[in-house]
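Notes to accompany the following structure.
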Amino acid sequence: MKPDRLLLGGIALLALAAAATLLVGQLAASTWLAAVLVWGSLPLGALPILMVHGLTGGRWGEQGRPLLLAVLATLPLLVAALLPLLLGLPALFAWTLPAEELSHLVRNKLAYLNPTFFILRTLAYCALWLWLAYLLSARRARGEGMHAGGLVLWLLAVTFFSFDWFMSLEPEFYSDVYGLMLGANMVAAAFAWILLLGAREMEAAARRDIANIWLGVLLSWVLFAYSQYIVVWSANLPDEILWYIHRSAGVWRPVSVVSFGLFFLLPFLILLSGHAKGRPGWLMLAAASCLLGHVLQIGWLLLPAFDHDGLWQLLLLCLLTALSGALFFALYRRRHRDQGRAAREVRYG
Amino acid sequence: MPQIFHRRTDGLVRILLASGGLAIVALAVVAYFIDRSPYLTGQGAVPEQPVPFSHQHHVAGLGIDCRYCHTGVEKSPFAGLPDTHTCMSCHSQLWTNAQMLAPVRDSLERDIPLRWIRVHKLADFVYFNHRVHVTNGIGCESCHGRVDRMPLMRQAAPLTMQWCLDCHRNPGPSLRPPGQITAMGIEPASEARAATSGHTLLKQYAIHTNRLTECITCHR
Amino acid sequence: MAENPQENLLPADLTHASMTERIAGLVLAPRSRGRWLLAFLVSAVLALLFVLCLVIVFATGVGLFGINIPVAWGFPIVNTIWWIGIAHAGTLISAVLLLTRQPWRAPVARLAEAMAMFAIVCAGFYAIVHLGRPQLMHFLLPYPNTMGLWPQWRSPLVWDFFAISTYFVFTLGFLYFSLLPDFATLRDRARSRWQQIFYGVLALGWRNSALHWARYEQANGVLAAVAAPIVVSVTGIISLDLAVSLVPGFHFPIFPPYFVAGALFSGFATVALLAVVTRSFYGLQDLITRRHLDYLGRMMLLFGLIVNYSYSQEIFTAWYSGDIYMRAVYLDRWTGPYAPAWWAMIFCNVVLLQFLWFRRVRRSPWALFALAITSNVGMWLERYQILFTSTHADFIPANWRTPLPTVWDGLLALASLGLFAFFLLAFVRLAPVVSMHDMRSAIHRREEQRKEQQQEQQKKQREDGE
Amino acid sequence: MTVGESGHHGLIARFDSGDKLLAATRRLRAAGHHRLDAHAPFPVPGLAEVLEYREYGIPRIALLAATITAGIAFLMQWYSAVIDYPIVVGGKPLNSWPAFLPVTFKVGIFNAVMATAITMLVKNRLPRFHHPLFDEKEFSESSTDGFFLVVHSDEPGAAEELLQRCGARSVRELQP
C-alpha cells in the first residue's frame, strides 16, 4: 500500500482534535468520544461481515465487499481519535478518582479499571483490529480458520472494548450482554451504510440477501437490548437501574424512543414487506433511518453518564459527528473509488 | 389408484369439523355456567344439623338477636356457634321433653358438645375476620341472607372470590349504620342514595378502599 | 467450500422414482423389523414407566423430588429447559435452512422436525410437573373465573405458559405441514386397505396440484419466517424465569441469548446423533452424507462457541460487578459441593467442543456421535449447576442445603428419554424419515443446474469454435 | 370439477418432466384453454404463475392476524392489570408494558401460525377425500414422477390434439 496522504492527514487532524477537546474539558471530550464512536462503529461492524462472508461465501458478500473494504479503510481514523484520549482518562472516567472517593463496589474492580491496564487493553484492541483489517483487505485471508478465529477475537475485543469505553463511564453498572448488544449495533450500522450507498448498484438477489441478513442482525440487537432492559427493569437493583434512570431523564427520554424508532422500528417495518425489500429506494430509506438512529443510540449510550445539560450534549454531538464525518466520508469515498478502479481493472484487464 | 373414500366422506367430514367447533364453544359455555352453579359453589346448600334448628322461629318469631348465640361476632374473627348451655338457658324450661331436642339434653348430660355443621365455610387459605366486618358496617344479612326466613340454615351466598371482591371493590352500598348491623330485611339502598349515605358511612368507619383488594387483605 | 455443493450432497444416480421408492419402502414394507421391534419394546417399557412415575408424582406431589427450600426448582425445570433446547435445533434446521435455501437441509429436516416435536412433548410434561400443582394449570390462562382474578402478567411463569404452548402448536403444525405431501405419496403407494385409509385420512386429499403447491410453499415460507423468532423467544422467555429474579447466579442479562445458543448447541448435537444412527440403521449413507455431518458439526461448533463466550462473560461480570454475592456464587461453583458438575460441564462443553474445529472429527460419524452425547450431557450439567449452585446457598447461611436428586428424579429423567425414543421409533415406523417432497425438489434443482452447466459448456465450445 | 356442457368430463394428459408440463400448460393457455390444473410431484418453479396464481394472501393474512391479536393481547393485559384489578406488584407500575411484551408477542405469533395453516387448507379446499381424479389409475404417479395436466374444455378434440403435440405420453378422458 502506498502511503495515503488523505489517511495520514486525517489521522493527524483527528489526533489533534482529540487532544484539543481534552484540553477544553469533559463536555467536549465526552461528546468527541461519542462522535468518533458513531463513525468508528462502521469499520468495526464491517470486520465481522467480511469474516462471515469468508466462512459462508455467497453472492451477497461479493457484492458488498468493495463497500465494506472502503469502510474498513477508515479504521485508522478511529484509532487515531481514540489514542490521544488515553492521555486524559481523568476527564472521562470516574474510576480514575482517588480510591477513597469511590464507592466500595468500584473499589472492588480497581484491579481491572486502572489507567495502566486500561491503556494496554485499548492498545491491544486497536492492534488486533488493524491487523484483522489488514489481513482482510490485503486478500491474504483465504483460510476458514482465520475467519473463524478472527470472529472469535473480534467478538471478545468488541466486548471488552464496550466494557471499557462505554460501560465503565458509569463504573457501578454491569451487564454481560452489553458486548453482544454493541456488537450487533455496529454490524447493523455497517449493513445500513453499505445499503445506503450501494443499494442501487447491487444485483437484486444479492441485495435481497443483504437486506435479510441485516434484518436478522437488527432482530438480534432487539433481543440483546430487550434482554438487558427486562432483566434490569424486573430486578430493579440500584447498581443497574440507575443506568436506565440516567437514560430516561430529561432530553434522553425522547431520545431513547426516537432512536429506537429510527434505528430499529422503521427499518424493521420496511423490511417486513417483501415488496419493499426488493426496492433500492425503500432499502435506502430504511438504511438512512437506521444510521440516524445509530447516531442517537451511541449518544444515548455514552452521554447520559456525564452530568451536563442533555440538549447541549446532543447539539454538540450532532456538530462533532458532522465534522468528523466529513473526514471519514472523504477517506471512504477515496477508498471506494480506488476499489472500483481496481475491480474494473481486474474485470477488463 | 383406487378411490379410497366414498363420495359421502367429504360431507361427513365437514359436518364433523363444524360440530367439533360447535362442541368446543358449547363446552366453554357449559364450563362457564357450571363454574358458577350452586353445584360447585354450594350456594343454597342445607346441611343436615344434629338438631334441626330453625332460625326463622328464633329470629323472626322470638326476636332473639344474632349475638345472643353467636357471641364472638363482634370480638373475634370467628362468630362462634352456641354451646349447649346457651340452648339450655331456655330449653331447660321450655320444651324440656321434646324429642327434637334430645341431642341437646344428651350433650349436656354427657358433657360432649353438639357438633353443629358449618354452613358458610371458607377455604383454609382465606383469612376472614367477623369482627372487622361487623364493627365496620357490614350487616349479617349481607353475607348470610334473610336468616329470619330460613326454617333450616342455608348457604345464602356463592362465597366465591369474585363475590368477596364485588363488595371489597365498592363497599359503600353495603354499609349500614352501627345500629342496624344485625337487623334483617334492610332494603339495599338505591344507587343514588348509596352513593351519598355510603360515602358518609365510609368516612364514619374510616374505610380506605384502596387497600381492600390487596392480596394480603384476605390471604395471609 | 466446494464449487458446486448440490453435486456432492445428492447421489448422482438418484431419481424421483428411485428415491421415493426407497424412502416410502422403509415405511410401507420395512425389512429390518427385528432390531426396530426390540428398541421399540424397550422404549415402550420406559414410556410406561414415565406414565407410572407421572401418575405417582401427581398423586403424591413434587415432594418426591430432591427439592426443598432453598432449592425449590430442581430437576423438573432443569429437564424442561434441556428438552426445550433439544427441540429448538429441530425447528431452526427446518425453518431457517429453508429460508436461507441451504442445499444440505432436505435429508435431515424431517428428523429434526420429528425430534423437535417429541422433545417438546417431554418438555411440556416436565413444565406441567414443575408447577407443583398441575391440576391448577388452567390458572395460567386468562379466562372469566369465579375468583375475579387475572394471571399475573409480570410473572415469567405466565410467559412460559404462553411460550411453550405456542411452541407446541407451532411445532405440531410445522411437522404436519411438512408431512402432508409425503402422506399423500404414501397413500398413493400403499397397497393394503388399512394403509390406504390411514395415510388417506392423514393426507387430507392432497392432490399435488400446482396451485396446492404454490399455496403450500407460501404458507411454509410464513411458518419458517416465524420459526426463528419463536425459537429465540421460547428459550429466551424460559431463561427469564431465572434472570429476572434477584438471585446471584440467575440474574444475568445475557441469559436469553445464552440459553438460545445453548439450546441450539444441544439441539444440533441431538440432530447429529439421530442422523448418525438413522443413516447407519436404514443404510442412508448416500442421502445423509459425511458432508451433512460436517455441516451439523459446524453448527454445533458455532453455537458451542457462543455458549463458551457466555460462560466467559458470566464469570467476568460476576467478578466485575464488585458484588460479593455474585463473586461468592462463582467461588461456590468452582469449589463448592456442586463443583464436579461445573468442571464436568466445562470439560464437555469447552474442552471437548474444540475437537469440532477439525474437519476429520466433524466428518467421522462415530466421533460426531460421541461428541453429540458429551455435548448433551454437558448442556444438561449446565442447567443443573445453574439451578442448584445459585440457590443452594442463599443469603441466609442457616438455610444452606445441598439437596441431591432422589430416585424419582432419576427414574423420571430416564423414563423421559424412553418416552422420547418411544415416540421417535413409532414415528419412523409410520412416517418417512426423509422428506420425500423436499428431496424431489432438491433433485429437480440439481437437474436444472446440470442443464445450465451443459448449456454454458456448449456456449463456450461454440464461442471457442468461432 | 364441473362437467362440461357436452357431457365431457375433461382430459388428463401425462408428461415426462416438469419442463414439458410447464411448456404444455403455457401452450394450452395461449390457445385459450383456461380451465386447467397441473399436478406434479414437487412445486415446479413457475408453473403456478402460468396457471394465473396471483395470490399473495397468506403472508398478509398472517401478518394481519398477528397484529390484531397481539393488539388484543396487549389491551387485555393492560385492562386486567390497570383497570380491572389494579394491584402493585414488586413496586412496578400498573402499566408494566415491558413485562406485557412477551405474552403480546407470543399471542401474535400463535395466531399468525394458526391463520397461515387454516388459510392454506381452506384456500386449497382441503380436506377433500373424494375426488374424480383419484379414479384415474395412473394418477398415483403424480407423487413420484408423473406430471399431469387436466384440461376442461368445450372442444375436447382440439385440446387433445394440442396435448399430443406438446409431447404428452398419454392423453385420456376422465371418468365421470
Subject >> Residue ranges of helices (runs of 4 or more DSSP H) in the range C:1-105 with at least 3 members at pLDDT 80 or above and out of contact with any Pro (no Cβ under 9 Å at 6 or more places or on another chain) >> reply: C:16-28, C:33-60, C:74-99
Subject >> Unique match (being open to solvent by 30 Å² or more (accessible area, probe 1.4 Å), in a helix (DSSP H, G or I) and closer than 20 Å to B:Pro38 by Cα) among B:Cys90, B:Cys143 >> reply: B:Cys143
Original post:
Across the range C:139-161, what is the number of residues that are open to solvent by less than 60 Å² (accessible area, probe 1.4 Å) and closer than 23 Å to C:Leu172 by Cα?
Top reply: 5
**OP:** Those residues that are open to solvent by 20 Å² or more (accessible area, probe 1.4 Å), modelled with pLDDT under 95 and either of a type outside the set (A, V, I, L, M) or under 15 Å from the mean Cα position of the chain (by Cα) (or both), I need them from the range D:58-76; list them, please.
**Re:** D:Pro59, D:Arg60, D:Ile61
Original post:
Can you name the condition, by its number, that A:Trp131 falls short on among (1) free of Cβ contacts under 8 Å to residues at least 40 places away in the same chain; (2) within 13 Å of chain C (Cβ to nearest Cβ); (3) not polar (S, T, N, Q)?
Top reply: (2)
Original post:
Among (1) touching a Gly at 6+ places or on another chain (Cβ under 6 Å); (2) more than 25 Å from A:Gly325 (Cα to Cα); (3) open to solvent by less than 10 Å² (accessible area, probe 1.4 Å), which single condition is A:Leu105 missing?
Top reply: (3)
Original post:
Quick check: is even one residue across the range C:299-309 surrounded by fewer than 23 Cβ atoms within 10 Å (Cβ to Cβ), at pLDDT 90 or above and within 14 Å of chain D (Cβ to nearest Cβ)?
Top reply: no
Subject >> Count of residues meeting criterion [of a type in the set (Ser, Thr, Tyr), surrounded by 20 or more Cβ atoms within 10 Å (Cβ to Cβ) and farther than 23 Å from C:Phe161 by Cβ] in the range C:65-102 >> reply: 1
Original post:
Somewhere in the range C:426-440, is a residue over 24 Å from the mean Cα position of the chain (by Cα), free of Cβ contacts under 8 Å to residues at least 60 places away in the same chain and either outside any helix (DSSP H, G or I) or farther than 28 Å from C:Ile81 by Cα (or both)?
Top reply: no
Subject >> Residue, surrounded by the most Cβ atoms within 10 Å (Cβ to Cβ), within the range D:135-157, restricted to residues that are part of a helix (DSSP H, G or I) and touching a residue at least 24 places away in the same chain (Cβ under 8 Å) >> reply: D:Ser143
Subject >> Filtered residues of the range C:362-385 (kept if assigned to a helix (DSSP H, G or I) and among the hydroxyl-bearing types (Ser, Thr, Tyr)) >> reply: C:Thr374, C:Ser375, C:Tyr384
**OP:** Output yes when any residue across the range A:280-303 is surrounded by fewer than 21 Cβ atoms within 10 Å (Cβ to Cβ) and assigned to a loop (DSSP other than H, G, I, E, B), and no when none is.
**Re:** no
Original post:
Can you spot a residue in the range C:144-163 that is part of a helix (DSSP H, G or I), among the polar types (S, T, N, Q) and out of contact with any His (no Cβ under 9 Å at 6 or more places or on another chain)?
Top reply: no
Original post:
For C:Ser192, all conditions in the list (1) in contact (Cβ under 8 Å) with a residue 40 or more places away in the chain; (2) small (Gly, Ala, Ser); (3) open to solvent by 30 Å² or more (accessible area, probe 1.4 Å) hold save one; what is the number of the exception?
Top reply: (1)
Original post:
Among the residues of the range A:26-48, is there at least one that is free of Cβ contacts under 8 Å to residues at least 40 places away in the same chain and either within 29 Å of A:Trp300 (Cα to Cα) or part of a helix (DSSP H, G or I) (or both)?
Top reply: no
**OP:** Search the range C:166-186 for residues being among the small types (Gly, Ala, Ser) and within 8 Å of chain D (Cβ to nearest Cβ), and hand back the single one that is most open to solvent (accessible area, probe 1.4 Å).
**Re:** C:Gly173
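crowded, with 17+ Cβ neighbours inside 10 Å, more than 30 Å from C:Asp286 (Cβ to Cβ) and touching a Phe, Trp or Tyr at 6+ places or on another chain (Cβ under 9 Å), is that true of C:Phe118?
So C:Phe118 does not fit the description; no.
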**OP:** Six or more apart or on different chains, Cβ under 8 Å: which pairs go from a residue in the range D:77-91 that's polar (S, T, N, Q) to one that's outside any helix (DSSP H, G or I) and open to solvent by 30 Å² or more (accessible area, probe 1.4 Å)? Could you list them?
**Re:** D:Ser80/C:Pro142; D:Ser80/C:Trp150
Original post:
Out of all the residues in the range C:201-218, which are within 7 Å of chain D (Cβ to nearest Cβ), assigned to a helix (DSSP H, G or I) and out of contact with any Pro (no Cβ under 9 Å at 6 or more places or on another chain)?
Top reply: C:Leu211, C:Arg215
Original post:
Of the numbered conditions (1) closer than 30 Å to A:Tyr174 by Cβ; (2) open to solvent by 60 Å² or more (accessible area, probe 1.4 Å); (3) touching a residue at least 24 places away in the same chain (Cβ under 8 Å); (4) within 13 Å of another protein chain (Cβ to nearest Cβ), A:Leu242 satisfies every one except a single condition; which is it?
Top reply: (4)
**OP:** Determine which single condition C:Ala210 fails, assuming it passes every other condition in (1) in contact with a strand residue (DSSP E or B) (Cβ under 9 Å, 6 or more places away or on another chain); (2) surrounded by fewer than 24 Cβ atoms within 10 Å (Cβ to Cβ).
**Re:** (2)
Subject >> Filter pass, A:Leu113 being within 13 Å of another protein chain (Cβ to nearest Cβ), under 29 Å from A:His294 (Cα atoms) and not in a helix (DSSP H, G or I) >> reply: yes
Original post:
Is there a residue being crowded, with 24+ Cβ neighbours inside 10 Å and either of a type in the set (Ser, Thr, Tyr) or farther than 18 Å from A:Phe161 by Cβ (or both) anywhere in the range A:77-88?
Top reply: no
Original post:
For residues in the range C:121-138 being at pLDDT below 90 and not aliphatic (A, V, I, L, M), which is most open to solvent (accessible area, probe 1.4 Å)?
Top reply: C:Arg133
Subject >> Single condition C:Val329 does not satisfy, out of (1) open to solvent by 10 Å² or more (accessible area, probe 1.4 Å); (2) over 29 Å from the mean Cα position of the chain (by Cα); (3) farther than 23 Å from C:Val260 by Cβ >> reply: (3)
Original post:
What number of residues within the range A:162-201 satisfy the criterion of being outside any loop (DSSP other than H, G, I, E, B) and without any contact (Cβ under 8 Å) to a residue 40 or more places away in the chain?
Top reply: 4
Original post:
Does C:Leu223 satisfy being part of a helix (DSSP H, G or I), out of contact with any Cys (no Cβ under 8 Å at 6 or more places or on another chain), modelled with pLDDT of 90 or more and surrounded by fewer than 24 Cβ atoms within 10 Å (Cβ to Cβ)?
Top reply: no
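The values are calculated or read from the model by the stated rules, or taken from the named source; none is laboratory data. Since the model is a prediction, treat every value here as computed from it, not as a measurement. Positions of Cβ are generated from backbone atoms using ideal geometry, with glycine treated the same way; all protein chains shown enter the neighbour counts. Areas reflect the complete protein model, heavy atoms only, side chains present, ligands, DNA and RNA absent. Shrake-Rupley method; radii C 1.70, N 1.55, O 1.52, S 1.80 Å.
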